[in-house]
Amino acid sequence: MTVELGQGTGPLRGVKVVEIAGIGPSPHACMILADLGADVIRIERPGGQMLTGGSHDLLNRGRPSVALNLKDPAAVATVLDLVETADVLVEGMRPGVTERMGLGPDDCLARNPKLVYGRMTGWGQTGPFAQVAGHDMNYIAITGTLHGLGQDKARPSFPANLVGDFGGGSTYLVMGILAALLESRTSGQGQVVDAAIVDGTAHLNAMTAAFLAGGNFREERAANLLDGGAPFYDVYETADGKHMSVGPLEPQFYEVFVDLLEIRETAPDRYDLAQFPALKALIAERFATRTQAEWVDVFEGTDACVAGIIPISEAIEHPHMKAREVFVEHEGITQPAPAPRFSRTAATLSSPPAPGAGVHTREALAAWGIADVEALIESGAAVQA
């Protein structure tokens with residue numbers, strides 16, 4: 001199998017990244033970097049990792065897969081050789097693991113003082129939980145964020161792993177890497193980026209902290225403006241068991257909403273909190289009279305701030321999503337296009353996800369200037385799948 005190496009078209013073209021393969025947020029971060037044009041080389045353990053890999057694992061798109069046995073000193077030396085010409089290293093292991101491998105920040109910065117060393121964890125590099133196992137919902141639980149999610153007053157609802165792993169995790173890792181990379185171009189010095197999901201998630205939730213500090217926030221679900229406490233910012237079921245998202249917060253949008261829903265003459269005052277239950281019941285009653293498709297016909301293209309809630313399989317075919325090419329077909333897989341968009345250095349998708357760990361070992365190491373790749377493969381330090 002052949003793959004184009006270092007051929008990204010986005011604004012990060014020319015930036016070289018070494019990825020020590022992990023799961024969840026760290027590969028997502030490296031997908032973003034590759035989408036934006038960086039030349040990323042993914043270092044995996046021979047045989048790959050649980051829950052990852054294969055030609056449909058979109059988090060691994062855009063970069064070659066190299067299998068190295070990092071218990072072998074020759075493999076560790078190879079990674080340090082890669083680091084010598086890299087701009088960034090990304091790892092997502094527990095604190096101390098890469099140090100024990102001989103690939104910690106001190107080892108890598110000794111070889112390349114300008115290196116940006118990105119570390120992705122849930123709890124962070126320090127603190128009493130730093131060495132404890134955890135997953136997305138655990139991290140967002142102690143930030144105060146999970147407590148307020150959902151409209152069920154009896155129990156919180158967790159939105160898969162979007163808020164922690166990808167919202168507070170990989171997105172903040174990329175932000176930190178880019179900031180440190182920009183600074184290193186000025187100072188000539190690299191540094192370590194400690195990206196913790198607890199840090200990023202708390203930062204994402206800054207508006208809630210502001211509401212709480214202002215004294216106008218109740219720490220319970222479905223009791224506030226943006227969590228379903230207001231009738232005009234909630235989800236309503238339609239006649240066919242589907243749902244509509246309703247969000248006309250501003251008065252001018254609410255005026256359009258009540259007219260299109262045909263409740264102007266019967267709707268209670270939206271500013272009377274005591275009337276919220278009655279207003280919510282009235283809105284729910286109206287939405288229950290028609291199917292989702294019928295309501296979409298009524299509201300779509302208006303300023304009522306109402307949209308049908310659809311699964312990803314339908315989102316792919318939505319007229320707006322198609323017009324903007326939010327989803328694209330690449331190498332036979334329909335997938336999200338790179339984001340955000342750039343006027344001059346547009347990003348495009350390059351190679352598809354590797355079908356297995358180590359399928360690019362020989363060509364990727366050679367392209368990065370590693371000498372005598374065949375000897376590494378023959379010794380078992382590297383594996384060509």
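The values are calculated or read from the model by the stated rules, or taken from the named source; none is laboratory data. Here the structure is a predicted model, which means the values were calculated and not measured. All Cβ positions, glycine included, derive from the backbone under ideal geometry; neighbour counts span all protein chains shown.
Evaluate the following for Val198: is it surrounded by 18 or more Cβ atoms within 10 Å (Cβ to Cβ), touching a residue at least 60 places away in the same chain (Cβ under 8 Å) and assigned to a strand (DSSP E or B)? No.
If you go through the range 48-70 one residue at a time, do you hit one that is under 24 Å from Ser379 (Cβ atoms), assigned by TED's automatic domain parsing to the domain that holds Glu183, among the charged types (D, E, K, R) and touching a residue at least 40 places away in the same chain (Cβ under 8 Å)? There is no residue in the range 48-70 that is under 24 Å from Ser379 (Cβ atoms), assigned by TED's automatic domain parsing to the domain that holds Glu183, among the charged types (D, E, K, R) and touching a residue at least 40 places away in the same chain (Cβ under 8 Å).
Counting only residues that are surrounded by fewer than 21 Cβ atoms within 10 Å (Cβ to Cβ) and of a type in the set (S, T, N, Q), which one in the range 344-359 is nearest to Gly8 (Cα to Cα)? It comes out as Thr348. When residues in the range 124-147 are screened for being part of a helix (DSSP H, G or I) and either over 26 Å from Phe217 (Cβ atoms) or of a type in the set (D, E, K, R) (or both), 1 of them pass. Restricting attention to the range 225-241, the residues being out of contact with any His (no Cβ under 9 Å at 6 or more places or on another chain) and either in the same structural domain as Thr145 (by TED's automatic domain parsing) or buried (at least 17 other Cβ atoms within 10 Å of the Cβ) (or both) number 9. Taken over the range 165-195, residues that are more than 17 Å from Glu91 (Cα to Cα) and either touching a residue at least 60 places away in the same chain (Cβ under 8 Å) or not hydrophobic (A, V, I, L, M, F, W, C) (or both) amount to 8.
Within the range 344-373, which residues are in contact (Cβ under 8 Å) with a residue 24 or more places away in the chain and part of a helix (DSSP H, G or I)? Matches in the range 344-373: Thr361, Glu363, Ala364, Leu365, Ala367.
In the range 149-159, the residue that is farthest from Ala202 (Cα to Cα) out of those that are free of Cβ contacts under 8 Å to residues at least 12 places away in the same chain and not charged (D, E, K, R) is Ala154. Which members of the range 153-173 meet the condition of being surrounded by fewer than 19 Cβ atoms within 10 Å (Cβ to Cβ) and in a loop (DSSP other than H, G, I, E, B)? Scanning the range 153-173 gives Lys153, Ala154, Arg155, Pro156, Ser157, Phe158, Pro159, Ala160.
Within the range 212-224, the presence of a residue that is outside any strand (DSSP E or B), under 22 Å from Asp303 (Cβ atoms) and not assigned by TED's automatic domain parsing to the domain that holds Lys153 is excluded.
Might you let me know whether the range 248-259 holds any residue that is in a helix (DSSP H, G or I), among the hydroxyl-bearing types (Ser, Thr, Tyr) and over 14 Å from Val298 (Cβ atoms)? Checked against the condition, which is being in a helix (DSSP H, G or I), among the hydroxyl-bearing types (Ser, Thr, Tyr) and over 14 Å from Val298 (Cβ atoms), the range 248-259 yields at least one hit.
Mind telling me which of the residues Ala86, Ala160, Ala74 ends up being among the small types (Gly, Ala, Ser), assigned by TED's automatic domain parsing to the domain that holds Pro355 and farther than 28 Å from Ala339 by Cα? Steps first, please.
Details: Ala86 fails: farther than 28 Å from Ala339 by Cα; Ala160 fails: farther than 28 Å from Ala339 by Cα.
When all the criteria are applied, what remains is Ala74.
In the range 321-338, what residues are farther than 29 Å from Met50 by Cα, hydrophobic (A, V, I, L, M, F, W, C) and in a loop (DSSP other than H, G, I, E, B)?
Just the residues of the range 321-338 that are farther than 29 Å from Met50 by Cα, to begin with: 321-326.
Subsequent filtering for residues that are hydrophobic (A, V, I, L, M, F, W, C) retains 321, 323, 326.
Hit for the range 321-338 is Val326, nothing else.
If I ask for residues that are among the small types (Gly, Ala, Ser) and in a loop (DSSP other than H, G, I, E, B), which ones from the range 61-82 would you list?
The first filter runs over the range 61-82 and keeps only residues among the small types (Gly, Ala, Ser), leaving 62, 65, 67, 74-75, 77.
Gly62, the sole residue that qualifies.
Number of residues in the range 225-247 that are assigned to a strand (DSSP E or B) and hydrophobic (A, V, I, L, M, F, W, C) equals 3.
Does Arg341 satisfy the condition of being assigned to a loop (DSSP other than H, G, I, E, B), without any contact (Cβ under 8 Å) to a residue 40 or more places away in the chain and surrounded by 15 or more Cβ atoms within 10 Å (Cβ to Cβ)? Judged against the criteria, Arg341 is not a match. Residues satisfying the criterion are present in the range 53-60 (criterion: surrounded by 24 or more Cβ atoms within 10 Å (Cβ to Cβ) and part of a helix (DSSP H, G or I)).
Within the range 93-118, the set of residues being touching a helix residue (DSSP H, G or I) at 6+ places or on another chain (Cβ under 6 Å), within 17 Å of Ile177 (Cα to Cα) and not aliphatic (A, V, I, L, M) comprises Gly104, Cys108, Asn112, Lys114, Tyr117, Gly118.
Going by what's in this entry, would Val246 be described as of a type outside the set (Asp, Glu) and more than 23 Å from Gly150 (Cβ to Cβ)? When the stated conditions are applied, Val246 does not pass them. In this entry, Asp269 is excluded by the filter for residues that are among the charged types (D, E, K, R), in a helix (DSSP H, G or I), on the phi < 0 side of the Ramachandran plot and not assigned by TED's automatic domain parsing to the domain that holds Glu91.
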